[in-house]
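Below you'll find the structure, written out as structure tokens, and then a few comments.
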Protein chains: 2
Amino acid sequence: MTAASNPTVSLSEFTYRRGSEIYGEKEPAEYIYQVKSGTVRSYKLLSDGRRQINAFHVPGDTFGLTNGGVHRFTTEAVTDTTVRLIRRESLDAVAGSDGTLTGSLLDMTTTNLRHAEDHMLLLGRKTSLERVAAFLIEMDRRLTAAGVLALPMSRRDIADYLGMTLEIVSRSLSHLRALGILGFIDNNQRHIVLLDRQQLTGFDRRN
Amino acid sequence: MTAASNPTVSLSEFTYRRGSEIYGEKEPAEYIYQVKSGTVRSYKLLSDGRRQINAFHVPGDTFGLTNGGVHRFTTEAVTDTTVRLIRRESLDAVAGSDGTLTGSLLDMTTTNLRHAEDHMLLLGRKTSLERVAAFLIEMDRRLTAAGVLALPMSRRDIADYLGMTLEIVSRSLSHLRALGILGFIDNNQRHIVLLDRQQLTGFDRRN
DNA sequence: CGGAAGATTGAGGTCGATCAAGCTACGTGG
DNA sequence: CCACGTAGCTTGATCGACCTCAATCTTCCG
């Protein structure tokens, strides 16, 4: 990250336990975060408990950036997670004078926006099978190592990300497995092998 | 591009006929637009024709801003629409050196992002009645004059914005009217009076 | 080994989608 | 001014994808 090399920006690190909250919606935004290890979920709640996860953040991702100083999501550690912290005020201090830094804030915001735009299409118009296929492709791109996709999040988290129920997520995965498009690794339902990326991509009619 | 060949471009203004395309997805982004009069819809399509409208732009709104020089949506005039044009390259030229300008790009992008974030919650987790209620509240805020909400867009457009069908939009509106929460003005189904904003807000369980 | 959390699978219900018919508004031309 | 055509809206009937409820199974830990 650009900001990391700037001496006026203070850096520190913190580790959150699986399930613990990093910050809450509407809290003042003191820090910007970068995931060092682990996974973070970012979500909004309705008053009756319905939850929409808007993003998962994996190592390398930056999150918690907000214009206006107040967080618009709650974030929690999906697994034990270590993050780097950057004081927000130290960014503000230099933002006005340093065009390069403001530009990188713009880049980060644009990246978030592009993801949100794609996700709106998924949530508004795709079928459950298409959503799950799109999810697998996204996660495969972002966190596959050694040919195995190790999902850090539960079926419920996936469901709340894709705007469906955990049962339908499970059924969709079973269906894709039955079709020979993916396989589960022995004894862990979160370890997935994508056997046919071609066909999987076909299920996600992007564009 | 249509606008490029038109003489009114030199005046930095252009008028689009109802239904005509302003720019297409994946086209290079030459201009940024501001709505002077009329309404614009911005959308993505799936290969089989399913459409997700991500935003309606009304007078005063800026749209067409994209980092990377390529449009991520198709935009069309919902009604006859006049826009002001700003050459994109003229922004790029000063963006690096002028922190203030880059900051305003950041503000616009942040505004878009916030809207997209709220819309993800709507698309992923709200019921059809909640969606329509939220839509009416949003449009009431953005374009009501003289106590009457004059919707420029069709039921189909509304449906594609809210991730549902035009029939369900129509039924939801009829339902709200039956409850005495809104009324239609004589002889035009797109002129709506909000009789009970309090109760309408109750249907949209925001947060 | 025992309990809890998470995943799968089944059965049945429901909300919204689809298919279809009619209605209303509105523009066009006689 | 009216007949007519068309586009858009409403309403009804039926269908189906997804949700809900529930039972069972697996994994993971203490």
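Take the alpha-carbon centre of the range A:170-203, take the same for the range A:32-79, and report the distance between them in whole Å. So the two Cα centres are separated by 27 Å. Sequence-distant contacts, meaning Cα pairs under 8 Å at least 6 residues apart, place the relative contact order of chain A at 20 percent.
Extending 7 Å from Cα along the Cβ direction at A:T15 and again at B:H175 yields two label points whose distance is 5.0 nm. Sorting A:H71, B:H191 on solvent-accessible area from highest to lowest, probe radius 1.4 Å, gives B:H191, A:H71. By a 1.4 Å probe calculation restricted to protein chains, A:D48 has an accessible surface near 80 Å², given to the nearest 10.
Note that the range A:144-161 has calculated 3J(HN,Hα) couplings of 6, 10, 6, x, 10, 8, 9, 6, x, 9, 6, 4, 5, 4, 4, 4, 6, 6 Hz, one per residue in order, obtained from phi through the Karplus relation 6.51 cos²θ - 1.76 cosθ + 1.60 (θ = phi - 60°); glycine and proline are x. In whole angstrom, the protein assembly as shown maps to an equivalent ellipsoid with semi-axes of 35, 29, 22, each derived as √(5λ) from the alpha carbon gyration tensor and ordered largest first.
Heavy-atom accessible area, probed at 1.4 angstrom with all protein chains present, ranks B:D61, B:D107, A:D157 as B:D107, B:D61, A:D157, highest first. Averaged per residue, the protein assembly as shown has 45 square angstrom of accessible surface, using a 1.4 angstrom probe with ligands and nucleic acids left out. Rg/Rh, computed from the Cα trace of the range B:127-203 with Rh as the Kirkwood radius, has the value 0.91.
Contact with the other protein chains removes 40 Å² or more of accessible area, compared with the isolated chain and a 1.4 Å probe, from these residues of the range A:49-89: A:R50, A:Q52, A:N67, A:R72.
Full extension of the segment from A:N187 to A:T165, taken as 0.36 nm per residue of separation minus the current Cα-Cα distance, would add 5.6 nm. The residue list B:V35, B:G69, B:S170 was ranked by how far each Cα lies along the charge dipole of chain B toward its positive end, using unit charges on Cβ atoms, and B:S170 comes out on top. Buried by at least 40 Å² relative to the chain on its own: which residues of the range A:186-207 qualify, computing accessible area with a 1.4 Å probe on protein heavy atoms? Output list: A:R205, A:N207. Modelled spin labels at B:D107 and B:S37, positioned 7 Å past Cα toward Cβ, are 2.7 nm from each other.
Counting only alpha carbon atoms, the long axis of helix B:99-125 and the longest principal axis of chain B meet at about 30°.
For the peptide A:161-171, the mean number of other protein chain Cβ atoms found within 10 angstrom of a residue's Cβ is 1. Label-point distances for A:L179 to the equivalent site in the other copies, using a point 7 angstrom along Cα→C-beta, read 3.8 nm when ranked shortest first.
Per the accessible-area calculation with a 1.4 Å probe, the total area buried between chain A and chain B rounds to 4200 Å². Between amide H atoms placed 1.01 Å from N, distances below 5 Å from B:H71 occur with B:K26, B:E27, B:A29, all of them 5 or more places distant or on a separate chain. The number of Lys pairs in the protein assembly as shown with C-alpha atoms less than 28 Å apart, excluding pairs fewer than 8 positions apart on the same chain, is 14.
Mind giving me the FRET efficiency for A:L45 and B:Q198? R0 is 22 Å, r the Cβ-Cβ distance, nearest 0.05 is fine. Rounded to the nearest 0.05, the efficiency is 0.45.
Working value for chain A: equivalent-ellipsoid semi-axes of 33, 17, 17 Å, each the square root of 5 times a Cα gyration tensor eigenvalue, largest first.
The values are calculated or read from the model by the stated rules, or taken from the named source; none is laboratory data. What you see is a predicted model, and the numbers here were worked out from it, not measured in a lab. A quick note on method: Cβ atoms are made from the backbone with ideal geometry, for glycine too, and the neighbour counts reach across all protein chains shown. Side chains are part of the model used for accessible areas, which takes the heavy atoms of the whole protein and leaves out ligands, DNA and RNA. Shrake-Rupley method; radii C 1.70, N 1.55, O 1.52, S 1.80 Å.
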